[in-house]
Amino acid sequence: MKKRLYIVRHCEAEGQDFQSPLTKRGFNQAKNLSEFFSNIRMEQIISSPFLRTVQSVEPICQKQNLYLEIDKRLSERILSTNPLPDWLEKLKATSQIWSYHMKAES
């Protein structure tokens, strides 16, 4: 039997902090996500421990009567202990550095 794996990024959140909740729009997105998956039978849902990711998949778990498994290995790396207004650019820069090192090791 074939299995499918769905990887979903969290819905819109109020910030980057570990405990940043979803925005009102984010909660609506989570509800829509639950509707999207309503005709797809899930066996398991695994989330990072970040509040925004948990809140993004809770409606799916409730609708499908599934226990939400938290896996700390899915945590995001911490770019800074302070909020960064240009966090996306900083993230891209770290990815470029990592990519450069990977090419150099090949």
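Just so it is clear, none of the values below were taken in a lab; they were calculated from the coordinates. Everything numeric in this text was worked out from a predicted model, so none of it was measured. With ideal geometry, Cβ positions are generated from the backbone for all residues, glycine too; neighbour counts draw on all protein chains shown.
Miscellaneous remarks
- Highest-fluctuation residue, Pro85, Pro59, Pro21 considered, GNM on the chain with Cα pairs under 10 Å: Pro85
- A dipole drawn for the chain from +1 and -1 charges on Cβ atoms has a positive end, and of Trp87, Leu51, Ser34 the residue lying farthest that way is Ser34.
- Among 48-54, 64-70, 3-9, the peptide with the highest mean count of other Cβ atoms within 10 Å heads the list, and the full ranking is 48-54, 64-70, 3-9.
- In the calculated pair-distance distribution of the chain, the portion above 19 angstrom amounts to 54 percent of the Cα-Cα pairs.
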